[in-house]
Amino acid sequence: MADEAIVIVDGAKAGPAGGPRYVASDECWLGKIDKKDPNKIEWSKLPAHPGPARFAIAGGGSNHEHRIFFSGGTATPHDYKGVAYDDQPTEGSAITFDFDLHHREWETISEDTDDPRADSRGIVFTPIGPLVLGGMAKNLAVTARVTQLPQK
């Protein structure tokens, strides 16, 4: 969330008959929050973001920069242990991107973000920049590490 707007990306949806139980959804939505009544949100579909659809991606908004950032996640939906529904371990995506609320466009920040994560607790903004908190790192290891995201 930032600037009275919510951007929702990806997630999971039912897989095709005879295929995986769930697949990553590539839908992206922008919700504009009514300033007078925050219970009213006007939703519109956005074009696809950079990179493939993801599950368990981290997100966070910056009012100062008028952007909403996304990082990590996995290409395959998985259970709480990080195992995909085909019993294979998942791997975090190294792509970090944002949605610029003023220009209404996606921007790739990094295609090789250090220490990619899935299932993190989100992105927070500090004087030193955006940080990813915790999550699941390589080899399905749960981590409490905090990682600074690249900035453009």
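A few points about this structure:
- A cut-off of 5 Å between modelled amide H atoms, ignoring neighbours fewer than 5 places along the same chain, links residue 60 with 69, 123.
- Here r is the Cβ-Cβ distance between residue 111 and residue 33 and R0 is 35 Å; the resulting FRET efficiency, rounded to 0.05, is 0.65.
- For the stretch 20-64, fraction of C-alpha pairs farther apart than 17 Å, in %: 54
- Highest-first arrangement of 60-67, 115-122, where packing means the average Cβ count within 10 Å: 115-122, 60-67
- Couplings for the stretch 87-94, taken from phi via the Karplus curve 6.51 cos²θ - 1.76 cosθ + 1.60 with θ = phi - 60°, read 6, 9, x, 9, 10, x, 7, 8 Hz in order; Gly and Pro are left as x.
- In this structure, the amide hydrogen of residue 135, modeled 1.01 Å from its nitrogen in the peptide plane, lies closer than 5 angstrom to those of 121, 143, counting only residues at least 5 positions away or on a different chain.
- In terms of Cα atoms, the Rg and Dmax of the stretch 78-152 work out to 13.7, 42 Å.
- Value in Å of the Kirkwood radius, where the stretch 5-148 supplies the Cα pairs that are averaged: 15.8
- Using the Karplus relation 6.51 cos²θ - 1.76 cosθ + 1.60 with θ = phi - 60°, the per-residue 3J(HN,Hα) values for the stretch 40-47 come to 9, 10, 9, 9, 9, 6, 9, x Hz, with x marking Gly and Pro.
- Cα centroid separation, the stretch 79-143 to the stretch 24-75 (Å): 14
- A simple spin-label model places the labels of residue 85 and residue 148 4.0 nm from each other, with each point 7 Å out along Cα-to-Cβ.
- Assigned charges on the beta-carbon of Lys, Arg, Asp, Glu; the chain dipole about Cα centre (debye): 340
- Note on the stretch 46-116: the C-alpha convex hull projects to 5.3 nm² when averaged across all orientations.
No value in this document is a laboratory result; all are computed from the given coordinates. For clarity, every value in this text was computed on a predicted model and none was experimentally measured. Cβ atoms come from the backbone with ideal geometry, glycine included; neighbour counts cover every protein chain shown.
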